[in-house]
1. For residues that are small (Gly, Ala, Ser) and crowded, with 21+ Cβ neighbours inside 10 Å, tally how many sit in the range B:44-77.
2. Identify, from the list B:Val69, B:Val20, B:Val83, B:Val7, the residue that is of a type outside the set (S, T, N, Q) and either free of Cβ contacts under 8 Å to residues at least 24 places away in the same chain or part of a helix (DSSP H, G or I) (or both).
3. Would you be able to say whether some residue in the range A:191-203 is over 17 Å from A:Gly234 (Cα atoms), in the same structural domain as A:Glu292 (by TED's automatic domain parsing) and within 17 Å of the chain's Cα centre (by Cα)?
4. When only residues in the range A:105-123 that are of a type in the set (Gly, Ala, Ser) and away from chain B (no Cβ under 14 Å) count, which is surrounded by the fewest Cβ atoms within 10 Å (Cβ to Cβ)?
5. Could you identify the single residue in B:Thr325, B:Thr295, B:Thr303 that is at the interface with chain A (Cβ under 9 Å from one of its Cβ atoms), outside any loop (DSSP other than H, G, I, E, B) and not aromatic (Phe, Trp, Tyr)?
6. Report, by residue number, each residue of the range A:328-352 that is within 14 Å of chain B (Cβ to nearest Cβ) and either under 30 Å from A:Tyr364 (Cβ atoms) or aromatic (Phe, Trp, Tyr) (or both).
7. Within the range A:1-18, can you find the residues that are closer than 25 Å to A:Asn63 by Cα and surrounded by 19 or more Cβ atoms within 10 Å (Cβ to Cβ)?
8. Just checking, does the range A:345-357 include any residue being surrounded by 14 or more Cβ atoms within 10 Å (Cβ to Cβ), outside any helix (DSSP H, G or I) and either in contact with a His (Cβ under 8 Å, 6 or more places away or on another chain) or of a type in the set (Phe, Trp, Tyr) (or both)?
There are 2 protein chains.
Amino acid sequence: MTETVKVLPVNVLQQFMQDVFVGLGVPADEAAISAQILIQSDLFGIESHGVGRLKMYYDRIKNGQHRPVTQFEIVKEAPATAVVDGHHGVGMVIGYKAMNLAIEKARVYGMGSVAVRNSTHFGIDGYYPLMAARAGMIGMSFTNARPSIAPTFGVQPMLGTNPIAFGCPTDEANPFLYDAATSITQRGKFETLERKGQPGKAGWVTDQQGNFLTDASEVLKGLTQDTAALLPLGGAGEDLGGHKGYGLATIVEILSASLQGGAFLHALTGITPDGGKTHFQLGHFFMAINVESFTDLDSFKKTTGDILRALRASRKAPDQPRIYTAGEKEFEKEIEVRQTGVAIVPKLQQDLLTMRDELGLTQYQFGF
Amino acid sequence: MTETVKVLPVNVLQQFMQDVFVGLGVPADEAAISAQILIQSDLFGIESHGVGRLKMYYDRIKNGQHRPVTQFEIVKEAPATAVVDGHHGVGMVIGYKAMNLAIEKARVYGMGSVAVRNSTHFGIDGYYPLMAARAGMIGMSFTNARPSIAPTFGVQPMLGTNPIAFGCPTDEANPFLYDAATSITQRGKFETLERKGQPGKAGWVTDQQGNFLTDASEVLKGLTQDTAALLPLGGAGEDLGGHKGYGLATIVEILSASLQGGAFLHALTGITPDGGKTHFQLGHFFMAINVESFTDLDSFKKTTGDILRALRASRKAPDQPRIYTAGEKEFEKEIEVRQTGVAIVPKLQQDLLTMRDELGLTQYQFGF
């Protein structure tokens with residue numbers, strides 16, 4: 001291990017993640033799906049949800065909170081809908097199969113949705129709508145998560161970062177892709193900041209007195225110990241719409257839990273009442289809308305592209321060089337990362353070495 | 001007309017609105033639907049979208065921007081989806097019928113959705129999910145609107161307030177009901193503030209230099225003249241997540257326009273290039289998810305109620321007496337308004353008298 005940031009090529013890192021999953025007992029095809037979803041996060045520059053989380057999956061599979069072999073069971077089905085039990089398997093595999101099921105239903109009926117129970121952390125929420133967009137459909141994906149957002153006027157972490165992801169095809173090189181927590185920022189961001197030794201911004205997190213917390217380590221500790229909470233999109237109180245972000249987080253919790261009779265809020269901590277580790281019991285909700293059931297796919301793509309181009313071409317605030325639309329930054333980052341590789345900070349280098357050595361993956365000489 | 005606020009009983013006001021629509025040539029059953037949707041806004045205490053907008057509908061039907069008789073045409077259909085052309089009829093009637101169509105499809109296939117083109121302003125977005133919730137379903141409703149929100153890093157009003165509405169049944173007296181613009185606040189709020197002679201809050205609206213505007217009349221003038229813009233949920237820039245609110249507004253624009261080959265952004269002003277008045281060509285997207293396709297309705301209601309009760313019971317910030325969940329304030333307000341009646345400010349009194357006199361509805365003696 002070095003004390004400086006190192007870079008690994010994308011293909012090496014993706015293969016390594018796949019081999020780690022196989023080493024943990026994940027079947028080869030499911031390990032490939034999992035690595036594919038994690039590397040997409042690194043390609044998009046979302047450091048919090050890619051290789052930076054590999055050790056988390058590794059630890060959880062080793063300690064039994066995630067099962068390496070995924071039993072994907074459809075427990076209830078209607079023409080356009082299904083309920084799936086993931087039996088605590090690999091979240092990425094559960095998510096991938098559930099979104100494919102929604103897409104298949106949408107192809108026949110115009111739209112489809114799948115509610116999932118007993119799942120585990122499934123990587124970036126945005127990967128799943130991307131699958132739908134590539135199939136010529138609108139895709140949406142929602143998941144609950146460990147409690148971290150405080151309700152408006154509250155200070156206790158209650159709701160997960162509960163992201164909303166939405167993607168669809170356009171007539172441009174890349175889909176429109178929105179993927180965002182319903183909090184202002186999220187836990188993974190603080191994990192990244194902690195690795196870099198940087199603070200967060202005022203307004204993102206509240207302590208128990210209603211004051212803002214910025215130190216990344218204190219925030220992560222507080223979120224775990226129930227003494228700090230993320231603020232919802234819109235911020236504290238109602239003046240700037242904090243109740244709207246809080247309401248959106250609640251919607252995601254309902255979609256993710258209520259349709260599948262699943263766990264919610266503090267039942268998602270992965271901790272038993274006596275302090276032991278248990279399954280996370282996460283819930284997800286996936287939706288696919290088949291564009292061609294409504295209109296010609298090219299027409300949809302053009303209208304969507306026209307909307308995005310008009311937004312980007314609109315008048316900018318003084319000193320602002322550019323207006324973006326959702327997904328642009330990420331797809332541009334992907335081009336860069338494919339050329340330069342993925343930056344690995346020292347703390348993460350140690351994690352990679354640990355997993356390599358423990359699994360005997362001696363073919364990997366990372367150069368750190 | 002007086003110079004003080006007066007109060008009218010709910011049933012009188014609802015009947016008056018219905019009679020105004022009939023007087024304009026709207027068929028009796030469709031006038032009843034329209035008045036029912038408008039009065040729900042007043043019952044909820046949302047002054048911007050109830051009787052406060054009656055004169056707007058009145059003027060638009062009289063000048064031909066809305067047609068009094070609604071031709072509701074299904075132009076394309078798949079098992080779980082439909083595209084409807086509203087032919088510039090009454091937005092409330094189009095919305096009501098479209099949501100019912102989505103509910104019918106959800107009853108058979110598990111979910112249903114309907115994209116609408118050539119519609120007009122349809123009242124509060126939240127009315128339509130309420131219909132689904134009463135049918136034991138999750139309902140969602142989206143609409144685009146005249147340009148008013150600036151993209152992140154922009155200052156030009158481009159996107160409508162583009163609300164998201166979501167409702168579902170619970171085991172409590174009332175459904176969960178979320179209905180919110182994707183901007184921090186919305187045009188109707190400034191219409192209400194202007195009637196009351198009050199300013200908005202700093203952070204809600206930007207001028208062309210990127211400074212905040214608060215004067216309600218200036219804001220309304222600026223929105224129309226393209227010189228002021230609402231800021232998206234999350235505010236200016238990206239620090240507090242403004243790009244998330246902007247992204248959500250874009251999603252609503254795509255759902256409302258791209259699936260039905262419809263108009264979008266600046267084509268929704270209702271103004272022709274030479275300054276004349278034309279149809280608004282609004283688009284909507286309605287969705288219904290049949291709970292019983294996924295799980296037992298009572299189970300869904302209990303899980304949802306448990307989530308809401310846990311949120312309300314969580315730790316409050318110092319000096320905060322209460323934590324709400326979405327819809328609570330509105331349903332409590334409804335109980336109050338049914339007892340006390342609807343407050344009518346002086347400017348609105350004049351509007352009511354004008355419509356009454358022009359339509360010869362001499363049976364109404366308002367007491368102002």
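The values are calculated or read from the model by the stated rules, or taken from the named source; none is laboratory data. Please read all numbers here as calculations on a predicted model, not as lab measurements. Neighbour counts are summed over all protein chains in view; Cβ atoms, including those assigned to glycine, are modelled from backbone coordinates with ideal geometry.
1. Result for the range B:44-77: 2.
2. B:Val20
3. Here is the first cut: in the range A:191-203, the residues over 17 Å from A:Gly234 (Cα atoms) are A:191-199.
If we keep only those that are in the same structural domain as A:Glu292 (by TED's automatic domain parsing) too, we end up with none.
Looking through the range A:191-203, none of the residues is over 17 Å from A:Gly234 (Cα atoms), in the same structural domain as A:Glu292 (by TED's automatic domain parsing) and within 17 Å of the chain's Cα centre (by Cα).
4. First pass over the range A:105-123, keeping only residues of a type in the set (Gly, Ala, Ser): A:106, A:110, A:112-113, A:115, A:119, A:123.
After this cut, where a residue has to be away from chain B (no Cβ under 14 Å) as well, the list is A:119, A:123.
Working: A:Ser119: 33, A:Gly123: 24.
Within the range A:105-123, the match that is surrounded by the fewest Cβ atoms within 10 Å (Cβ to Cβ) is A:Gly123.
5. Details: B:Thr325 fails: outside any loop (DSSP other than H, G, I, E, B); B:Thr295 fails: outside any loop (DSSP other than H, G, I, E, B).
Of B:Thr325, B:Thr295, B:Thr303, the one residue that is at the interface with chain A (Cβ under 9 Å from one of its Cβ atoms), outside any loop (DSSP other than H, G, I, E, B) and not aromatic (Phe, Trp, Tyr) is B:Thr303.
6. Once the filter is applied, which keeps residues that are within 14 Å of chain B (Cβ to nearest Cβ) and either under 30 Å from A:Tyr364 (Cβ atoms) or aromatic (Phe, Trp, Tyr) (or both), the range A:328-352 yields only A:Glu330.
7. Within the range A:1-18, A:Leu13, A:Gln14, A:Phe16, A:Met17, A:Gln18 qualify.
8. No.
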